[in-house]
Amino acid sequence: MPKLFAKFQTPEPAPGSVPPPPETANLRIGLVALVGLSAASLFGYDLGFIGGTIALPSFIKDFHYDHRSAADLANFQSNVVAVFQAGCIFGCLFTAPLSDRFGRRAALMLTSFIYIIGCILMTVAGVGGANASALLLAGRVVSGWAVGASSMLAPVFVAESSPPHLRGRLVGCYEIGVQAGTCLGFWIPRSPEQNIDFYLLSQYISLKHLKNTVAWRMPIALQIVFGGLLSLLLLFVKETPRYIAVKQGAVAAESALARLRKLPASHPYVQEELLGILEQIEHEKTQKAGSYLQIIRESFGPSNRRRLLTGMLIMVSFQMSGTNAINYYAPRIFKSLGLKGTSSSLFASGVYGLVRLVAVIIAMAIVSDRAGRVSMMMVGGAGMAVCLWIVGALIKTHPVAAASKVISPSSYAAITLIYIYAVFFCFSYAGIPWVYCSEIFPLRIRSFNVSITTSTHWAFNLMLGKSVPFMISNIGYATWFVFAACLTVSSVWLYFCVPETRGVPLEQMDQLFGGPSPAEIHAEAMERWAGQDKPESPLHKEDASMSDV
């Protein structure tokens, strides 16, 4: 057994490495994690609220689908989900150049403003005679662009700011934000339909004649709060030390790193981390031709091809686990498992969100930096696969009778297994893909590569968003077998092909994927610095302190 899991053990620290001081876990790095959590809530809330909202009778009526065919309604609802995901794909692809040009923080601030604009468009859809469907879909595309951009930017921003020993937990806060937003989104659409009194709200905003539409407008408008919170938090954090090192040099990076670690600039831990950053930058300069086209070429070149393919396949495995399909269509899925009535299926969706939230907090806060990234995905994926194989078998052998008014034991078993599946997901694919893909790429091509892996995530999200309703209708139980088979294959692939990254500094990722070792990078940097009149190495403090920044 020890031999079986040997590849998942944390790599030994380099000889002479400075152990992380307790000061590195401080309020400033906590604010960085909150930025990631807040950015993730934009995505998570949409995952949770949209499925319940588009199923509300008031939504269907206001968009004039109450007298249309079931096929027309299903097509419109899937389009509402799909255009958001299409916006996400373009958002994460086209934000990488902005991130490299203006910084991770500035790009995140821009996306928060764009997100708010999209949410306003959706909220006012149909007011004053406006074309409700067109305005809603336009708002979904705009807000989707912002969510896609933030899903690429936030993990990179947190990873580049985090000390190695905390990186898993801090980037994992992104997934906690996703699940917190999802949980809230699952519960919000229930409230107006359960006759909770929104009369005072509608009176206050002078929209009493729109009281029925508050049922779907309120959860949409709540998104504006999430965008505003992200903008507010960004005012209290600085750009990442690694980005500053590239754009402003060693002295500015040293100051930023010391501030973030809450240590003196002369502290050995700060100096060691800074030296690793600067040496990696020097190494990358030897390969840099200066153009964005060269970055694209290098990203698909031999030295980076394996990690890019690994990141993309991890995101494919994430989506093909079926989790976001359940998130988007949870009420419908729970109905297909035997729950009767909109209220029961929405309540089951809400409980599903709570289970995921509790599980992901435990996984990301306690387990992620103790267990390996790859072992968590492999073992959790295997557990998810077992659950879905059994769910599919139960539906096949004990099909739900449409006329039955009683929930069968097999339906209860299937629903319970979906909750167990959710726990396995939260201990595996919930946060680890975001952590893994944000840490494996070299600094100067990191934004572009993370945009590729994240767009892969959104492309498969889009595909599933459009196909899952038809899969449930046409192949029924086999839907679960498709996801179970994908999880089974991915667990085998993870064991044999994917290296462990837990505890590895960002500057040492090259060696894991067949690149130069830290010692080789150090020797190369020393050779380059030896030929400079004003070296930026922290080992030459008297010169570096005099250099222009």
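The values are calculated or read from the model by the stated rules, or taken from the named source; none is laboratory data. Computed from a predicted model, the values in this text were never measured in an experiment. Please note: Cβ atoms are built from the backbone with ideal geometry, for glycine as well, and neighbour counts cover all protein chains shown.
When the residues of region 269-284 are narrowed to those that are of a type in the set (A, V, I, L, M) and modelled with pLDDT of 85 or more, which ends up farthest from Tyr243 (Cα to Cα)? Only one residue fits best here, namely Val270. Scanning region 17-33 for residues that are touching a Phe, Trp or Tyr at 6+ places or on another chain (Cβ under 9 Å) and crowded, with 19+ Cβ neighbours inside 10 Å turns up Thr24, Val32, Ala33. Screening Phe102 against (1) in contact with a helix residue (DSSP H, G or I) (Cβ under 9 Å, 6 or more places away or on another chain); (2) more than 27 Å from Gly276 (Cβ to Cβ); (3) free of Cβ contacts under 8 Å to residues at least 12 places away in the same chain leaves a single unmet condition, (2).
How many residues are assigned to a helix (DSSP H, G or I) and more than 11 Å from Val450 (Cα to Cα) if we restrict to region 147-166? Matching residues across region 147-166 total 11. Of the residues in region 116-141, how many are more than 25 Å from Val237 (Cβ to Cβ), in contact (Cβ under 8 Å) with a residue 12 or more places away in the chain and assigned to a helix (DSSP H, G or I)? Residues that pass the stated criteria total 14. Taking each residue of region 256-273 that is without any contact (Cβ under 8 Å) to a residue 12 or more places away in the chain and looking for partners that are not aliphatic (A, V, I, L, M) with beta-carbon atoms closer than 7 Å, six or more apart or interchain, yields Ala265/Glu254; Ala265/Ser255.
Of the residues Ile220, Ile244, the single one that is at pLDDT 90 or above, closer than 26 Å to Ile445 by Cβ, surrounded by 19 or more Cβ atoms within 10 Å (Cβ to Cβ) and β-branched (Val, Ile, Thr) is Ile244. Counting only helices (runs of 4 or more DSSP H) that fall entirely inside region 411-511 and contain at least 3 residues that are modelled with pLDDT under 90, under 21 Å from the mean Cα position of the chain (by Cα) and not acidic (Asp, Glu), the qualifying elements are 432-439, 446-474. Checking the structure you have, find out if any residue of region 202-216 is modelled with pLDDT of 60 or more, touching a helix residue (DSSP H, G or I) at 6+ places or on another chain (Cβ under 9 Å), part of a helix (DSSP H, G or I) and closer than 26 Å to Phe90 by Cα. Checking region 202-216: not a single residue is modelled with pLDDT of 60 or more, touching a helix residue (DSSP H, G or I) at 6+ places or on another chain (Cβ under 9 Å), part of a helix (DSSP H, G or I) and closer than 26 Å to Phe90 by Cα. In region 65-115, the residue that is nearest to Val142 (Cα to Cα) out of those that are surrounded by fewer than 18 Cβ atoms within 10 Å (Cβ to Cβ) and of a type in the set (Gly, Ala, Ser) is Ala106. Here is the figure for region 34-53: residues that are modelled with pLDDT of 85 or more and surrounded by 22 or more Cβ atoms within 10 Å (Cβ to Cβ) total 12.
Go through region 297-318 residue by residue and tally those that are part of a helix (DSSP H, G or I) and farther than 17 Å from Ser438 by Cα. Number satisfying all stated conditions: 4. Has region 483-501 got any residue that is closer than 24 Å to Arg169 by Cβ and in contact with an Asp or Glu (Cβ under 8 Å, 6 or more places away or on another chain)? The answer is yes, given that some residue of region 483-501 is closer than 24 Å to Arg169 by Cβ and in contact with an Asp or Glu (Cβ under 8 Å, 6 or more places away or on another chain). If the condition is being of a type outside the set (A, V, I, L, M), under 19 Å from Leu234 (Cβ atoms) and assigned to a helix (DSSP H, G or I), then region 58-115 contributes Gly91, Cys92, Ser99, Asp100, Arg101, Phe102, Arg104, Arg105, Thr111, Ser112, Phe113, Tyr115. Considered as a group, the residues in region 470-497 that are touching a Ser or Thr at 6+ places or on another chain (Cβ under 6 Å) and surrounded by fewer than 23 Cβ atoms within 10 Å (Cβ to Cβ) include one that is nearest to Ser303 (Cα to Cα), and that residue is Met471. What residue, among those in region 37-57 that are in a helix (DSSP H, G or I) and hydrophobic (A, V, I, L, M, F, W, C), is nearest to Gly172 (Cα to Cα)? Checking each candidate, the answer is Leu37.
Filtered by the rule that a residue be over 20 Å from Asp100 (Cα atoms) and in a helix (DSSP H, G or I), region 231-250 gives Leu232, Leu233.
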